[in-house]
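Colleague: This is the structure I have questions about; it appears just below.
Laboratory data are not the source of any read-out in this text; all were calculated from the coordinates shown. For clarity, every value in this text was computed on a predicted model and none was experimentally measured. So basically every Cβ, Gly included, is an ideal-geometry build from the backbone, and we count neighbours across all protein chains shown.
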Amino acid sequence: MIQIFCSATQYAAATVTAAIRAGRFGPREGVRRILVVSNTAAVPEVGTPLDRMPGFEKLRPEFDQVHSWNEFISPHHPAGWSPRAQDTHLLEKAVRLAWDLGDEPVEIACESIQANPSRAIADIFADSPIHVYADGLMSYGPTRNRIPHGMSSRIARVLHLDLVPGLRPMLLSEYGVPPETVPDEAIVDVLAQIGESGAGVLAERLPADRPPTAVLLGQYLSAIDLITQDEEERLHIRMLRAAARAGHEDVLFKPHPSAPAVYGESLEAAAGELGVRLTVLHEPVLAETVFAYLRPKLVIGCFSTALMTAAAFYGIPVARVGTELLLDRITPYENSNRVPLTIIDAALPDAEHAEAATPLDLAGAAEELTPLVRAVGYCMQSRKHHALRDETAAFLATRLAEYQRYFKRRRLTSLRLPGGGPVRAEALRRHPVVRRAVRRLRSTAR
């Protein structure tokens, strides 16, 4: 048996390595494990490949071979290239020859099956079982795109990090795919090993006498067109002001790896005005390494998954800033970032107005989040989750006033749910279901 693991980021590789070490992929005997790395950045040629990043040597022993998907499909970009249906059989032969797979059976473990390169690899190995693993909050939301039956029937499970214990992922649930958690201790151990080299970087960069007590997380939201670059700069300044308001005089800002340097410059100017000593960490160090090394008293962000890893894996108090702006801006309603944004906004305190000095009550959070996430998920993908309609209607009928900011009136109107506006006659005449019914009646009358 050959197991092919596909990873595009260091965090994804850490997740799947943790799953392997926790026994989620069976014993090592009689199995050849291959890691396929890819770089999906806009210009991958200027980035550092996953298998050359510091800390990768800690993951390498789990795999017999490491191959680059970018090199195999060059000059195509891995995020944009997919095989034509008539070429998949020929490409499977080419991959088997290039990677010396012979005729052995193959199973695939990949990230988001909805997008390339995972989808492309799953298409090429058209008869192989698939294990999907998700390393972030998006696993709690509904599947973004339709998965063809020939592919969905091959998906055995969704492996995910237990970031909100008790909250069940919706990803691929409409296809009957069961979720399975990666143990916390396994992923924390892997992240600690990867972070050994990063800890050395932090020891050199940060003052030993006055280490930062608060960490700010950048996401580069302007890159995915949720807000403008100027608005994102102001968002980071709001985070800094919130940290200063909470009494923190030494703060570390961890920008997104793709963020422009101007973000750090504007933040440093604001820090000077506030009298805060700011460290901007441009080095490629995982946020989890920062949490483990610094053990800060507070982590502030917008809706980064790292907020929940800080709370779930390290017990660090966390708080949010700017989610109300994103809830207003995020489009379309089906945007996959909506559920992570909803979870963070509903579960975390507002750093600008509330106190965030104690660790998050994750058990209580799951109980409160479950009906909300399922209702938002239904409104995002109502056609895929018919069974949730009555549950969603009941939730909205009793609690809409409390959770109004997560639902758009226009969406509720189109779904005929509580909180929606009255249905106008013209809109009703244009509705596809009504039009089909009228056509059937007319044909019967003839």
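Colleague: Multiply the residue gap between R442 and V46 by 0.36 nm, knock off their C-alpha separation, and tell me the result in nm, one decimal place.
Modeller: Taking R442 through V46 to full extension adds about 136.3 nm, to one decimal.
Colleague: Among 276-284, 158-166, 8-16, what's the highest-first ranking by average C-beta atoms within 10 angstrom per residue?
Modeller: Numbers: 276-284: 17.3, 158-166: 20.7, 8-16: 23.6.
Descending mean neighbour count gives 8-16, 158-166, 276-284.
Colleague: What is the local net charge at E45, summed over the other residues whose Cβ is closer than 15 Å to its Cβ (Lys, Arg +1; Asp, Glu -1)?
Modeller: 0
Colleague: For the chain, what are Rg and Dmax over the alpha carbons, in angstrom?
Modeller: When restricted to the Cα atoms of the chain, Rg and Dmax are 23.5, 88 Å.
Colleague: Okay, moving on. For each of M380, M170, M151, count neighbouring Cβ atoms within 10 Å of the residue's Cβ, then give the residues from fewest to most.
Modeller: Result, fewest neighbours first: M151, M380, M170.
Colleague: Could I ask something else about it? Rounded, prolate or oblate: which fits region 2-186 when a ≥ b ≥ c are the square roots of the eigenvalues of the alpha-carbon gyration tensor, with rounded for a/c under 1.5 and prolate only if a/b beats b/c? Let's see the in-between values first.
Modeller: Values: a/c = 1.33, a/b = 1.16, b/c = 1.15.
The shape class here is rounded.
Colleague: Another question about this same structure. Could you put D390, D361 in order, starting from the residue whose Cβ has the fewest other Cβ atoms within 10 Å?
Modeller: Working: D390 9, D361 12.
Lowest count first: D390, D361.
Colleague: While we're on this one: Using a cut-off of 20 Å between alpha-carbon atoms, which lysines can reach K408, once sequence neighbours fewer than 8 places away in the same chain are excluded?
Modeller: Within the straight-line cut-off, K408 pairs with K384.
Colleague: Using Stokes-Einstein with the Kirkwood hydrodynamic radius over Cα pairs, what translational diffusion coefficient do you get for region 373-446 at 37 °C and a viscosity of 0.692 mPa s, in µm²/s rounded to a whole number?
Modeller: Rounded, D is 239 µm²/s.
Colleague: Can you pull a Stokes-Einstein diffusion coefficient for region 1-97 at 37 °C (0.692 mPa s), Rh from Kirkwood over Cα pairs, as a whole number of µm²/s? List each step's numbers first, then the result.
Modeller: Numbers: Rh = 14.6 Å.
Rounded, D is 225 µm²/s.
Colleague: Right, another one. For T289, what charge total do you get from the other residues with a beta carbon under 11 Å from its beta carbon, if Lys and Arg give +1 and Asp and Glu give -1?
Modeller: Net of charged neighbours comes to -2.
Colleague: Once every DSSP H run of n ≥ 4 in the chain is given -39500 (n - 2.57) and the sum is divided by its residues, what mean residue ellipticity at 222 nm do you get, rounded to the nearest 500 deg cm²/dmol?
Modeller: Only helices count here, giving -12000 deg cm²/dmol.
Colleague: When you have a sec, figure out the Kirkwood radius of region 206-360 from all distinct Cα pair distances and drop it here in Å to one decimal?
Modeller: 15.4 Å
Colleague: If you don't mind, another one. Within a Cβ distance under 12 Å of E185, other residues only, what is the Lys/Arg minus Asp/Glu net charge?
Modeller: So the environment of E185 carries a net charge of -2.
Colleague: With contacts defined as alpha carbon pairs under 8 Å and 6 or more residues apart, what's the relative contact order of region 2-186 in percent?
Modeller: 22 percent
Colleague: Under a straight-distance cross-link criterion of Cα-Cα below 27 Å, which lysines are reachable from K254, leaving out those fewer than 8 residues away in the same chain?
Modeller: K58, K297
Colleague: What is the gain in length, in nm to one decimal, between N145 and A203 on full extension, counting 0.36 nm per residue of separation less the C-alpha to C-alpha distance?
Modeller: 16.5 nm
Colleague: Using Cα pairs under 8 angstrom and six or more residues apart, how large is the relative contact order of the chain, in percent?
Modeller: 12 percent
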